[in-house]
Amino acid sequence: MTALTLAQASIIVDEALRHGRARKMKPLTIAVLDAGGHMVAFKREDKSGILRREIAEGKAWGVLGMGYGGREFARRNAIRPTFYTALAVASQGRVMPVIGGVLIRNAAGDIIGAVGVSGDTEDNDDACAIAGIVAASLQADNGEPT
């Protein structure tokens with residue numbers, strides 16, 4: 001398995017922010033975690049809300065923990081909310097079962113990390129994460145059925 005590098009994580013963060021600015025989105029916060037859930041890169045735009053770090057990290061951490069992207073996470077949460085409430089408790093509140101958490105896969109399809117974006121709509125957060133991952137020449141898995 002290839003490890004996520006700081007250089008790749010930096011590209012992801014910077015491109016996700018560029019994508020958001022180009023579309024005049026609200027201030028964004030981006031968290032990039034490696035496959036073990038450790039923060040590799042993080043940026044918070046000026047005027048981004050004070051809880052955005054926890055939300056962005058929770059989106060990334062949750063998809064890593066469950067092994068599927070935020071869109072699938074949100075779909076399953078809608079079907080089994082009691083399970084996902086229990087999951088949030090079991091993870092000490094670290095899991096955010098919503099859109100905006102995207103798995104990072106290498107060319108072989110292995111999960112090497114995740115991105116969480118918070119600040120705008122869930123769909124826009126998701127689009128920023130995907131733009132960053134693609135710019136780093138990696139594969140984005142947001143849980144959208146293929």
- line: The distance between the Cα centres of region 1-52 and region 68-146, in whole Å, is 13 Å
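Placing unit charges on C-beta atoms (Lys and Arg positive, Asp and Glu negative, everything else neutral), compute the dipole magnitude of region 6-141 about its Cα centre in debye, rounded to 20. Walk me through the numbers before you get to the answer.
Values: 17 positive and 15 negative charges, 61 e Å.
It works out to roughly 300 debye.
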- prompt: What full-extension length gain, to one decimal in nm, is calculated for residue 108 and residue 42 as 0.36 nm per residue of separation minus the Cα-Cα distance?
  reply: 21.2 nm
- line: Residue by residue through region 116-125, the couplings from Karplus 6.51 cos²θ - 1.76 cosθ + 1.60 with θ = phi - 60°, in Hz, x for Gly and Pro, are x, 10, 9, x, 10, 5, 4, 5, 5, 4
message: Taking 30 Å as R0, compute the FRET efficiency from the Cβ-Cβ separation of residue 22 and residue 146 and round it to 0.05.
response: 0.70
- prompt: Over the chain, what is the relative contact order in whole percent, taking alpha-carbon pairs under 8 Å and six or more residues apart?
  reply: 31 percent
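Over region 1-80, what is the relative contact order in whole percent, taking alpha-carbon pairs under 8 Å and six or more residues apart?
Values: 77 pairs, mean separation 19.3, N = 80.
That works out to 24 percent.
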field: Spherically averaged projected area of region 6-141 from its Cα convex hull (nm²)
entry: 7.3 nm²
query: In nanometres, what is the gap between the two model label sites at residue 75 and residue 10, each 7 Å from Cα along Cα-to-Cβ?
result: 3.7 nm
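If each DSSP helix of 4+ residues adds -39,500 (n - 2.57) and the sum is divided by the residues in the chain, what number results at 222 nm, nearest 500 deg cm²/dmol? Provide the component values of the computation, followed by the final result.
Values: 5 runs with 66 residues, N = 146.
That calculation yields -14500 deg cm²/dmol at 222 nm.
Read-outs: derived from the displayed coordinates by stated rules, not from any lab. Since this is a predicted model, take the numbers as computed values, not measurements. A quick note on method: Cβ atoms are made from the backbone with ideal geometry, for glycine too, and the neighbour counts reach across all protein chains shown.
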